[in-house]
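The values are calculated or read from the model by the stated rules, or taken from the named source; none is laboratory data. Because the structure is a prediction, the values reported are computed rather than measured. With ideal geometry, Cβ positions are generated from the backbone for all residues, glycine too; neighbour counts draw on all protein chains shown.
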């Protein structure tokens, strides 16, 4: 699944979920050797690839966008869409029934309030940034590496190309796909959930656990590539503190999406991991280490063409409490 029309290079710095943490981002860019030229952070021989989730939670929503958007628009960086950009699109978009695709409930408003405080709904700049979010591809296939926010599923990507006219060279959301994926119960809804939020399976016997925001969950996100994970705790993808609330039972049904150990490295965000910072497999890495949470870190990986990931090529900076 290659994006053949995207100008590629041989050296990429992949940066995980930022969530409005502006000062952590500027520290990371400086540590990676990027500096401003013509008001845009650039490197003389490398490019950034962002994993998405620029917005929500942190205090520097506008400041983050003011850095990453010029980098991406100028070609100094690439990016994929995160689920928070998708949520922002759905929050701003009316479905065929006239209702917003993402309900304006108290819960959703609270999750989105940091962004809405910086970009007032229905203003020109708000509508402009929503259009820009739509321009972010759902995935990147760059020959020697792959990037997606939560889950790489080749069969699903091909289905989106064939049945929703998603451009394989620039796999953005189409207007049709925005509407169909906003309708719970459609395969398009399930597909975008998978790419941007990961594979989920239901816990047995009606059990629940509580997520990072205190919401009860009947499903868990899983290590979708891991054939060795045969119980619910082994397969669980999320904060270690939640594992104690997950039954130590064999998994009912199939939680796997095929991803062989000889396939190109794939980089993910999304999962709010905790240290130690290390690859998930020889060719899979998650770069989301909870920068918007107390004690979290912004994490990057310096990729230079290797097909087996190197623990020594991760770079991290501490969460900056100033925003």
Checklist outcome for this item: Checking 222, 166 in turn, the sole residue that is in contact with a helix residue (DSSP H, G or I) (Cβ under 6 Å, 6 or more places away or on another chain) and not assigned by TED's automatic domain parsing to the domain that holds residue 303 turns out to be 222
Checklist entry - Given 248, 226, 169, which one is touching a strand residue (DSSP E or B) at 6+ places or on another chain (Cβ under 9 Å), assigned to a loop (DSSP other than H, G, I, E, B) and at pLDDT below 95? => result 248
Item to check | Condition check for residue 120: free of Cβ contacts under 8 Å to residues at least 24 places away in the same chain, loosely packed, with under 14 Cβ neighbours inside 10 Å, more than 28 Å from residue 238 (Cα to Cα) and touching a helix residue (DSSP H, G or I) at 6+ places or on another chain (Cβ under 7 Å) | outcome: yes
Item to check | Yes/no for residue 243 being touching a helix residue (DSSP H, G or I) at 6+ places or on another chain (Cβ under 9 Å), without any contact (Cβ under 8 Å) to a residue 12 or more places away in the chain and not assigned by TED's automatic domain parsing to the domain that holds residue 51 | outcome: yes
Item to check | Selected residue [more than 23 Å from residue 267 (Cα to Cα) and in contact with a helix residue (DSSP H, G or I) (Cβ under 8 Å, 6 or more places away or on another chain)] from 156, 160, 177 | outcome: 177
Checklist entry - Out of all the residues in the range 5-28, is one or more more than 15 Å from residue 298 (Cα to Cα) and assigned to a helix (DSSP H, G or I)? => result no
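Each row is one residue, and each column tells you yes or no for (1) part of a loop (DSSP other than H, G, I, E, B); (2) touching a helix residue (DSSP H, G or I) at 6+ places or on another chain (Cβ under 8 Å).
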{"site": "255", "(1), (2)": "yes, yes"}
{"site": "262", "(1), (2)": "yes, no"}
{"site": "301", "(1), (2)": "no, yes"}
{"site": "312", "(1), (2)": "no, no"}
{"site": "322", "(1), (2)": "yes, yes"}
Item to check | Considering residues of the range 77-117 that are in contact with a helix residue (DSSP H, G or I) (Cβ under 8 Å, 6 or more places away or on another chain) and assigned to a loop (DSSP other than H, G, I, E, B) only, the residue nearest to residue 139 (Cα to Cα) | outcome: 81
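Yes/no per residue for (1) more than 30 Å from residue 89 (Cα to Cα); (2) in contact (Cβ under 8 Å) with a residue 24 or more places away in the chain; (3) touching a helix residue (DSSP H, G or I) at 6+ places or on another chain (Cβ under 8 Å):
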{"residue": "191", "(1), (2), (3)": "no, yes, yes"}
{"residue": "215", "(1), (2), (3)": "no, yes, yes"}
{"residue": "233", "(1), (2), (3)": "yes, no, yes"}
{"residue": "247", "(1), (2), (3)": "yes, yes, yes"}
{"residue": "251", "(1), (2), (3)": "yes, yes, yes"}
Next on the checklist: Taking the criterion of being exposed (fewer than 15 other Cβ atoms within 10 Å of the Cβ), modelled with pLDDT under 95 and more than 20 Å from the chain's Cα centre (by Cα), would at least one residue in the range 304-320 satisfy it?
Outcome noted: no
Next on the checklist: Would you confirm, using the coordinates I've provided, whether residue 220 is assigned to a helix (DSSP H, G or I) and either at negative phi or touching a strand residue (DSSP E or B) at 6+ places or on another chain (Cβ under 9 Å) (or both)?
Outcome noted: no
Checklist entry - Out of curiosity, is residue 154 under 20 Å from residue 79 (Cβ atoms), surrounded by fewer than 19 Cβ atoms within 10 Å (Cβ to Cβ) and either in the same structural domain as residue 132 (by TED's automatic domain parsing) or free of Cβ contacts under 8 Å to residues at least 60 places away in the same chain (or both)? => result no
Checklist outcome for this item: residue 98 fails exactly one of (1) surrounded by fewer than 22 Cβ atoms within 10 Å (Cβ to Cβ); (2) under 22 Å from residue 24 (Cβ atoms), namely (2)
Item to check | the range 162-178 - residue that is more than 17 Å from residue 130 (Cβ to Cβ) and in contact (Cβ under 8 Å) with a residue 40 or more places away in the chain and, of those, nearest to the chain's Cα centre (by Cα) | outcome: 171
Checklist entry - Just checking, how many residues over the range 264-298 are touching a strand residue (DSSP E or B) at 6+ places or on another chain (Cβ under 8 Å) and assigned to a loop (DSSP other than H, G, I, E, B)? => result 18
Checklist entry - Among the residues of the range 86-93, is there at least one that is over 19 Å from the mean Cα position of the chain (by Cα), within 22 Å of residue 196 (Cα to Cα) and assigned by TED's automatic domain parsing to the domain that holds residue 298? => result yes
